[in-house]
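Peer 1: Have a look at the structure that comes next, please.
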Amino acid sequence: VRSLRDIAKRQSVMRRAFDVISSAIGVILLSPLLAVLAAAIKLEDGGPVLYTHVRLGQNFRTFRLYKLRSMVPSADHLGGPITGAGDPRVTRVGRILRKYKLDELPQLINVLKGDISLLGARPEVESYVTLFRTQYEEILLELPGSTDPAALAFRREQDLLQGPDVEKQYVEQILPRE
């Protein structure tokens, strides 16, 4: 009879193997698409192709989450962390990337690095984790993930967030349901 700890360790090793194999295959198969998307981003405004943002991971460890840049360079200095419908910081290429979630593809690198898993609660920025600290103490016992049921339910999140205070809407309507 195996102990629960042995079973949990085995599941963890199997999950990590699945994540590494799947994300490595994904990076290889998607590399031509990623090259085209990178070129489109670079041609549009000459800015960087990748965007990184600090998020909290398992056990509140910080890491840099990778995305294809979908906003103007230095967008962080031009507005808040939440992007609502019609945000002028989003580029033409960025609208397409966001519509089809292509901006999320570089997160396969985060999966390879062990920052996140393919499936799990989305990693969040520290300021929002602080607002829901008790819930995140439980959530962040596990690796966060690139996608989860909430990401699917709110796949059109940007369209849901409209008006003058999209950050308030995010904190009050979306975060509590994730």
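Peer 1: Of the trypsin sites (Lys or Arg not before Pro) in the range 27-61, which ones lie in a loop per DSSP and count no more than 13 other C-beta atoms within 10 Å? The partial results should precede the final answer.
Peer 2: Details: sites: Lys42, Arg55, Arg61; in loops: Arg61.
Qualifying residues, ordered by number: Arg61.
Peer 1: OK, next. Looking only at the range 1-116, where both bridge partners belong to it, what percent of the DSSP beta bridges are antiparallel (to the nearest 5)?
Peer 2: Within the range 1-116, antiparallel bridges account for around 100 percent of the total.
Peer 1: In nanometres, what is the gap between the two model label sites at Arg2 and Val49, each 7 Å from Cα along Cα-to-Cβ?
Peer 2: 4.1
Peer 1: A further question on this structure: Explain nothing, just compute: Karplus ³J(HN,Hα) = 6.51 cos²θ - 1.76 cosθ + 1.60, θ = phi - 60°, for every residue of the range 82-89 in order, whole Hz, x for Gly and Pro.
Peer 2: 9, 10, x, 4, x, 4, x, 6
Peer 1: Under a 5 Å amide H to amide H cut-off, with H placed in plane at 1.01 Å, what residues pair with Tyr66 once short-range neighbours are removed?
Peer 2: Asn110
Peer 1: Return the distance in nm (one decimal) between the two label points of a simple spin-label model at Arg89 and Glu126, each offset 7 Å from Cα along Cα→Cβ.
Peer 2: Label-label distance for Arg89 and Glu126, simple model: 1.8 nm.
Peer 1: In the range 22-105, if the dipole is taken from +1 on Lys/Arg beta carbons and -1 on Asp/Glu beta carbons about the Cα centre, which of Leu30, Gly47, Val72 is farthest to the positive end?
Peer 2: Most positive-ward Cα: Leu30.
Peer 1: Sticking with this one: Order Met71, Met14, most accessible first, counting only protein heavy atoms with a 1.4 angstrom probe.
Peer 2: The ordering from most to least exposed comes out as Met14, Met71.
Peer 1: Right, another one. Glu124's amide H: which non-local residues (gap 5+, or another chain) put their own amide H closer than 5 Å, with H modeled 1.01 Å from N in plane and none for Pro or chain starts?
Peer 2: Distant-sequence amide H within range of Glu124: Leu56.
Peer 1: Over the range 56-153, calculate the relative contact order: mean separation of alpha carbon pairs under 8 Å at least 6 apart, over the residue count, as a percent. Working shown, then result.
Peer 2: Details: 118 pairs, mean separation 35.4, N = 98.
36 percent.
Peer 1: Considering the Cα trace of the range 1-53, what is its radius of gyration and what is Dmax, both in angstroms?
Peer 2: 18.7, 61
Peer 1: Along each of the three principal axes of the Cα atoms of the range 59-127, give the extent in whole Å, ordering the values from largest to smallest.
Peer 2: Extents along the principal axes, in whole Å: 35, 26, 19.
Peer 1: For the pair Lys99 and His77, what calculated FRET efficiency results from E = 1/(1 + (r/R0)^6), where r is the Cβ-Cβ distance and R0 = 41 Å, to the nearest 0.05?
Peer 2: Efficiency, rounded to the nearest 0.05: 0.95.
Peer 1: Follow-up. Choose one of Ile116, Pro81, Thr91: the residue whose Cα lies farthest towards the positive end of the charge dipole of the range 73-138 (beta-carbon charges +1 Lys, Arg; -1 Asp, Glu; about the Cα centre).
Peer 2: Sorting the options by dipole projection puts first Thr91.
Peer 1: Given R₀ = 22 Å, FRET efficiency for Leu33-Lys113 by Cβ-Cβ distance, to 0.05? Can you show the working numbers first?
Peer 2: Details: r = 21 Å, r/R0 = 0.94.
Efficiency, from the Cβ-Cβ distance: 0.60.
Peer 1: What do you get for trypsin sites (Lys or Arg not before Pro) in the range 1-38 restricted to DSSP loop and a cutoff of at most 11 other Cβ within 10 Å of the site's Cβ? Mind showing how you got there, number by number?
Peer 2: Numbers: sites: Arg2, Arg5, Lys9, Arg10, Arg15, Arg16; in loops: Arg2.
Counting only loop positions with at most 11 other Cβ atoms within 10 Å, the trypsin sites (Lys or Arg not before Pro) in the range 1-38 are Arg2.
The values are calculated or read from the model by the stated rules, or taken from the named source; none is laboratory data. Just so you know, these numbers come straight off a predicted model, no measurement behind them. Ideal geometry is used to build each Cβ from the backbone, glycine not excepted, and the neighbour counts take in all protein chains shown. Protein only, heavy atoms only, side chains kept; ligands, DNA and RNA dropped before computing areas. Shrake-Rupley method; radii C 1.70, N 1.55, O 1.52, S 1.80 Å.
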